[in-house]
Structures are given as C-alpha cells and as structure tokens.
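I have placed the structure first, in the form of structure tokens, so that the comments after it can refer back to it.
The values are calculated or read from the model by the stated rules, or taken from the named source; none is laboratory data. Predicted, not measured: the structure shown is a model, and the values here were computed from it. Ideal geometry is used to build each Cβ from the backbone, glycine not excepted, and the neighbour counts take in all protein chains shown. Please note that ligands, DNA and RNA were not included when accessible areas were found on the heavy atoms of the full protein model with its side chains. Shrake-Rupley method; radii C 1.70, N 1.55, O 1.52, S 1.80 Å.
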Amino acid sequence: MAKERKSLANTFSLVAIVTVASKLVGLIRDIVLLQAFGTSLISDAYNYANLFTGNFFILFGGLGGPFHTSSVAILTPLKDKPNNEMASTIGQIVFYTFIVLLVLTFIGYWLSPNLVRLIIPGTSSNANFIAKLWQETTLDLRIMLPLIILAGLIGIVYGIMNILDKYFLPSISPAVSSLVLILTVLVFGQKLGGLSLALGTLLGAFGQFIIQAYILAGYKFNDFYKIGQNTVSFFKMLWPAAIGTSVGQLNIYVDSFFTSQLHEGSWTAIVNANRLVQLPLGVLLTAMLVPILPRFTTYVYENKTDLLKNEFNKALKILFFLSLPLGAILFALKTPIIEILFERGAFNETSKALIVTALTYLIPSIFFYVARDLITRVFYAHKDTKTPYYIALFAIFTNFIFDYLLVKPLGIGGITLSTTIVTFINLCLLYFFIIKKIGSLNIRSIIKPVMIMIFSSLSSAIICYWGWIYIIGLISNSYGLVGFVILKFVCVGILGMAGIIIYLFFCYILKLDEIAYALKYLQNKLKIS
C-alpha cells in the first residue's frame, strides 16, 4: 500500500502541474474573449451554442466523461491479456462511436433552429434582440456541430492513455484548443465577429484530437467492423453514462431557459463564473480522478472493498484539504480578481457586477462538487452508471423548481444558488445509494479533519477580505491604469499567499494529519532525512 500511495501522489502531482498549465491557457482565452466581446449578444450567442457543442465536447470527451470512464472500465481488464483482443475492442469502439455520433451531428444540424428557440425563449426580451440572438446562435451552433464526433473519439483516446499510465498529453491537450481559439479571435475577431469564436473552437478541437491520435497507431484494428462482447459491454455501460451526463447537461439547459429572460450578457456571466470556479476545481478533480478511477476499478475487480473505501476516504480528504482554502480565498477576493482579469475593452461595470453576483452564490458548491464527483467514480468502478443517471434525472426537476423560485428575487444569483442547492441534494442521494451498495464509507472518521479545514478556510477568507478592504483604501489610480492594475495584482497575490499561510497555520496548530503527510511527502521528494 505504501508503494500505491506514493504512486497516487506522484501521478496526482504530475497531472495537477500539467492541468494547471492547461487551465491557465484557458483563463487567458477567457480574458481575450471578454475583452473582445464583453457580456454582449455576440458572446451570449456563442455561449448558448456551446450548450450543444462545446459543453458536449468537454463533458463527453473530457477526462471523467462517459467515453473516458467506459473505456477505462472495459479496457483495464484487457491490459494484461493478448494485445490483439484489446486492439480489436478499441477498433470496434472507435468505429461504431464515429458512426453513431456522425448521425447525431446530421440530426443536430437539421434541428438546430428548433433547438435554439426551445432553449432560448427570451419571453421577457425585445423581439428584435431575441430574433438576432436566435440567428447568431443557430449559425454558431451549425459551425461547431462536428465537436460532437470529436468528443467521442477524444474521450476514447483519453481512456486508452489512462490505462497505459500516459497522463501528460490528456492533461495538456485542452490548452491546444484554447490557443487556437485565442489566435483566431485575435487575428479574425474584428473582421468575422462572432464567427471567429465558432471557427476557432472547431479548429482547436481538431488540433486537440490530432496531437493525441498517435496512440491509436500502435494497434492493428483487425475485424473493426465486428461487434465483440467487450464492445457490447462498452456500449451497455456507455449508454446510461451518456444519458446520465446528458441529463446533467439538461440542468444547464434549464438554467439557460430562465437566464434568457434576464439582462443581456447574463448567460455569458454565468458561463465565466463557472469557469473561474472550475479553474482550481478542475485542476484538483482532474488530477485526482484520472489516476483514482483505474484504482477503484481494480479494487472492485479484485473484490477488495475495504481498500476501495480507504482509498476513497483518503482521496476525499485530499480534495477537501486543497479545494476548501482555494474556494474561500476566491470568495473573499472575487471582486478584485474579476477587475484584474477582465475589466478592460468591452468588459464594463455591468459585466463585473453580473459575474460577481453569479460567483457569490456559486462558490459554496465547491465543497459538494468534489465529493459528488468522487462518489460517482465509485459507481463507475462497479460499472453502475444507472444510479447516477436516475439521480441526475431527479436533479433536473429540483433545478427547475429552484430556478423558478429564486430567479425573480435574486436574478442571476438565483440561477447559481440553485446550482449549489442541487449539487448538495445530488451528493446526498449518491451517498445514500453507495452505502446501500457497498456498506458504510466510515465518513465519521473524516468529520473532525474536515471541520478543521472549514474553520481554517473561513479564517483565511475573513482575513483576506478585510485585508483587501484596508489595502484598497490606501492605493489609488494615480499610478495610471496599467500601474494601478499591476498594483492590485500584487496586492491580491500577497493576500492570496497570506490566506494560504493562515489556512496551513490553523490546520497545523489544530493537528490536522494532512499537514504531517504533506511535510513527510515533501521531505521524501527533497530527500531530507
């Protein structure tokens, strides 16, 4: 087990570092897009079109998506068997995935005007505005529809790389997509307007697939047109997983339905608030869930339930330990962070107010989000995708209810508060059903350390918030626009580091075990006796 723990830590570190680089490129992409188009009709149209294409690409083709998890679950047992069996299975999976998604792409092209009107009713909007929004969204949607095919192929390639312990390219490849989009907007943004967003996204996805497709060259795909038992098992697992992911996506469609009745740019604000939350969260979840899913799957395959539970609790504590202070500091410093990152070009005070409001109610979901995604992997390791599917289905109903109740009194904040509430309900239901499947997870053992983490996080957030209030009263914009932005950046950086130090200090004096583990790990890495 010591060797396994070290392996998990090393893999976590590698994937985290590479994913951070990829996420930073994604952040630069968001800065460029908001500076170019702000929270406007053009950016709203692109982000609405992304509901059917870009989001599909990320959710279905990303790490932890249904194609990735199904590939890992089916191909892991074949790793130690003759190579021709694995090659035949991969060939069949890739071939039939391409055929099915190609058909869906053509259907989506035909139905795109109807889909746009269904998701964006805009009942409270100006008639001319909503007509133009429909037109722009439909055009963007049709350009980006091939992302549906690429999502499935990239997800399968991710799964193959995962079981072969190749983590670098899957973690860094999203940066390629972001870089292509950035270049397209910078070069053609003024000339093509919103079309540059759609074209850049499509070209970036092609680039992401091309740099990873080499892994398929190592296999001879004999009988790829046949359907073997492993391929049947893949699609049996994929179907409910894909439906479950789609059902989860329907929550976003519910949100967009209600958001279309709000101020112009509201949907763009929600999208970017989600991306800011996902910046630290996505790094942690990707770094943990990529190596942990094959391990969970192996424990289930070998019927080692106790080891599975121990690994789950360890992974959950690591995720809480890392995500809670980041979420707390982001909450305390959200306004200056948004000002530093985005407040220039077409991004104005209204844009800032929208994103700040969305973030205020969305950040608390981080605590529930990490636990929910980790428990879901336990179900996937048991090849049970139906239970998360039914729970996600129930989440649509609850999300609709909370959106309806909260959107009028809270506006854009009501949409993101609903997301937080639904994430909590989803987590509770997953926990209830996993206990019925494998017995107690011994969650009581982590209550005390988690309470220490929460207390330490709140302490760091309070100090960061009042520290900024004090500092902003001392500095002014007399340094010039660029100088003022740089000064604010330095101050936020110092406060952020101070918040982390305060968090670690309280964790240390309250004797949190993770501090001792972290120090021991660093000593081993630095070879300090």
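The one condition from (1) surrounded by fewer than 16 Cβ atoms within 10 Å (Cβ to Cβ); (2) at pLDDT below 90; (3) in a helix (DSSP H, G or I) that Ser440 does not meet is (3).
Take Val356 and tell me if it is aliphatic (A, V, I, L, M), crowded, with 23+ Cβ neighbours inside 10 Å and farther than 21 Å from Tyr253 by Cα. It is false that Val356 is aliphatic (A, V, I, L, M), crowded, with 23+ Cβ neighbours inside 10 Å and farther than 21 Å from Tyr253 by Cα. Looking across Thr420, Thr350, Thr335, one residue alone is hydroxyl-bearing (Ser, Thr, Tyr) and open to solvent by less than 40 Å² (accessible area, probe 1.4 Å). It is Thr420.
Within segment 195-233, the residues that satisfy the criterion of being modelled with pLDDT under 75, open to solvent by 100 Å² or more (accessible area, probe 1.4 Å) and closer than 20 Å to Lys79 by Cα are Tyr214, Lys220. Among the residues of segment 394-412, the ones that are aromatic (Phe, Trp, Tyr) and in contact with an Asp or Glu (Cβ under 9 Å, 6 or more places away or on another chain) come to 0 in all.
Filtered by the rule that a residue be under 22 Å from Val25 (Cβ atoms) and modelled with pLDDT of 90 or more, segment 335-365 gives Ile337, Ile338, Ile355, Leu359. Under 24 Å from Thr268 (Cα atoms) and open to solvent by 30 Å² or more (accessible area, probe 1.4 Å): is that true of Leu405 in this structure? Yes, satisfied. Annotation note: of Leu192, Leu164, Leu139, the sole residue that is open to solvent by 10 Å² or more (accessible area, probe 1.4 Å) and at pLDDT 90 or above is Leu139. Residues in segment 443-462 that are free of Cβ contacts under 8 Å to residues at least 40 places away in the same chain and more than 27 Å from the chain's Cα centre (by Cα) were compared, and the one that is surrounded by the fewest Cβ atoms within 10 Å (Cβ to Cβ) is Arg444. For Thr305, the stated conditions hold: it is of a type in the set (Val, Ile, Thr), open to solvent by 40 Å² or more (accessible area, probe 1.4 Å) and over 21 Å from the mean Cα position of the chain (by Cα).
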